[in-house]
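**Q** Below you'll find the structure I mean.
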Amino acid sequence: MGNRRIVAWVAPLVAAALALPGCRGDAPTAPPAEAPTPGDTVRLLTAHLRGNDLEAFARDAVTPAIHGQLEVAWREGRTRWPLDQLPFAQHLPRAMAALSAPDAEKTLQQGFDRQLANASLASAAEFLTVFTVQYITQQGDFSPSEREHYPQLVQALGAWAGQAPIGDRARAQAAIATMATAAREAALDSEQAFADAGMEESLRRMSKVLATGKQVLASYGFDLDADLGGMQVQLQSQTGDLARVRLQYTLAGTPVDTIVNLERREGRWYVSDFLRHAEAAIAPE
């Protein structure tokens, strides 16, 4: 079982997994004119996410040189960074294809009616939360920072999933129709479609899917942007080109408190885990 696929059981984590840094404010903002601080970098990246701008996130999360190499690797099919940092990323083209199908609304609704209509996910959410937290803390390719942060995300989202009205048929019908429309507009229903569109264009299209997904989550009582909007960002330490930033926020009603590591390259600060994953994505096989 892949280290990202294990958390595919709850859709909100798709949005939350990208939201490692924190921000305040409602829209993407330009980098400060003078020497951005580690906290400025953290705020900017999540402002891109809250503004549903995956293209800008990918641009500012890594150095220009790495970004250029990622574009090449994307067209060659070697990576889908940053999308491949999502849970169940390897299934994303197939999921987009299912949502884009002409009969998606009917087929997916029938699947919902068979498996989830009027069901309670409390016991399943509790079991999967425990299993996933154990995996993250003991196995997988996670940094110390991720091992501290991800379990908190899983626990918060598991608690939400256990009480959310996921079995509500009317909500599901509306959600399926909304997501199907967004997927068809994106026109990214295969690996080849992602490669042909390229990284920047694919991320532009997926930004609209992200925005729609957030709206669907809000209809179930989970307003991710509102939660991240209340985040507190505080510099914990800075030694030379290394820094640690503390993030405190509430996710789906559960407090989250974690530390993010950053490093400075060519005069700019970057989240270390984003650099690590991006560099792994472009490394020779």
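The values are calculated or read from the model by the stated rules, or taken from the named source; none is laboratory data. Values in this document were obtained by computation on a predicted structure and should not be read as measured data. Glycine also receives a Cβ, built like all others from the backbone with ideal geometry; neighbour counts cover every protein chain displayed.
**Q** Output the number of residues of the range 158-209 satisfying the condition of being within 27 Å of Ala122 (Cα to Cα), of a type outside the set (Gly, Ala, Ser) and in contact with a helix residue (DSSP H, G or I) (Cβ under 9 Å, 6 or more places away or on another chain).
**A** Of the residues in that region, 10 qualify.
**Q** Within the range 240-259, is even one residue touching a residue at least 40 places away in the same chain (Cβ under 8 Å) and either of a type in the set (Asp, Glu) or exposed (fewer than 12 other Cβ atoms within 10 Å of the Cβ) (or both)?
**A** So far as the range 240-259 goes, yes, one or more of its residues are touching a residue at least 40 places away in the same chain (Cβ under 8 Å) and either of a type in the set (Asp, Glu) or exposed (fewer than 12 other Cβ atoms within 10 Å of the Cβ) (or both).
**Q** Return the residues of the range 183-193 that are in a helix (DSSP H, G or I) and touching a residue at least 40 places away in the same chain (Cβ under 8 Å); say none if nothing qualifies.
**A** Ala183, Arg184, Ala186, Glu191, Ala193
**Q** Just checking, does the range 219-237 include any residue being of a type in the set (Phe, Trp, Tyr), closer than 29 Å to Gly162 by Cα, in a strand (DSSP E or B) and modelled with pLDDT under 95?
**A** no
**Q** Return only the number of the condition from (1) outside any loop (DSSP other than H, G, I, E, B); (2) touching a residue at least 12 places away in the same chain (Cβ under 8 Å); (3) small (Gly, Ala, Ser); (4) surrounded by fewer than 23 Cβ atoms within 10 Å (Cβ to Cβ) that Gly77 does not satisfy.
**A** (1)
**Q** Out of Gly158, Gly140, which single residue is in contact (Cβ under 8 Å) with a residue 60 or more places away in the chain, crowded, with 18+ Cβ neighbours inside 10 Å, of a type in the set (Gly, Ala, Ser) and closer than 27 Å to Val245 by Cβ?
**A** Going through Gly158, Gly140 in turn, the sole match is Gly158.
**Q** Residues Ile66, Ile6: which one is at pLDDT 90 or above and assigned to a helix (DSSP H, G or I)?
**A** Result of the check over Ile66, Ile6: Ile66.
**Q** Further question on the same structure: Within the group Gly221, Gly267, which residue is of a type in the set (Gly, Ala, Ser), surrounded by fewer than 19 Cβ atoms within 10 Å (Cβ to Cβ) and farther than 19 Å from Leu157 by Cβ?
**A** Just a single option satisfies the conditions, and that option is Gly267.
**Q** Taking the range 161-176, which residues are under 16 Å from Gln215 (Cα atoms) and not small (Gly, Ala, Ser)?
**A** Passing the criteria: Pro165, Ile166, Arg171, Gln173, Ile176.
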